1. Please work out which residue is farthest from G52 (Cα to Cα), limiting yourself to segment 2-20 and to residues that are at pLDDT below 85 and of a type in the set (S, T, N, Q).
2. Determine whether R23 is surrounded by 11 or more Cβ atoms within 10 Å (Cβ to Cβ), modelled with pLDDT under 85, part of a helix (DSSP H, G or I) and of a type in the set (K, R).
3. Looking only at segment 5-20, count every residue that is of a type in the set (A, V, I, L, M, F, W, C) and either outside any helix (DSSP H, G or I) or exposed (fewer than 10 other Cβ atoms within 10 Å of the Cβ) (or both) and tell me the total.
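The values are calculated or read from the model by the stated rules, or taken from the named source; none is laboratory data. What you see is a predicted model; the values in this text were computed from it and never measured. Note that we place each Cβ from the backbone using ideal geometry, even for glycine, and neighbour counts take in every protein chain shown.
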Amino acid sequence: MTDSSEEPPKRKRGLAALSPERRRAIAAMGGRSVPAEKRAFSQDPQFAAKAGRKGGTLAKAENRFFSRFPEKAVLAGQTSAEIRRAKAEAVVAADVPAKD
């Protein structure tokens, strides 16, 4: 019986074995596989919004991430810069002593 420390390291397979440039090229092909005129959501924003609402209503409330974590819902609509700015303002506000 061989010791597990003697086993050769696992080799990367599939996309992990490719160079980052090749993976990027393959990913870019996926975006070009369907012509723009056949992408329903890119052509009709109201259709996309309606589909999103429909999907949201089909999920049970207890399984909806933002229903369970409303503070995350607030953050989801913000950019990372806005989040950092809000955190910095909260730290500054906490450090400032209250005026009497």
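1. T2
2. Numbers: surrounded by 11 or more Cβ atoms within 10 Å (Cβ to Cβ): yes; modelled with pLDDT under 85: no; part of a helix (DSSP H, G or I): yes; of a type in the set (K, R): yes.
It is false that R23 is surrounded by 11 or more Cβ atoms within 10 Å (Cβ to Cβ), modelled with pLDDT under 85, part of a helix (DSSP H, G or I) and of a type in the set (K, R).
3. Taking segment 5-20 as the starting set, the residues that turn out to be of a type in the set (A, V, I, L, M, F, W, C) are 15-18.
Going one step further and asking which of them are either outside any helix (DSSP H, G or I) or exposed (fewer than 10 other Cβ atoms within 10 Å of the Cβ) (or both), we end up with 16, 18.
Number of matching residues: 2.
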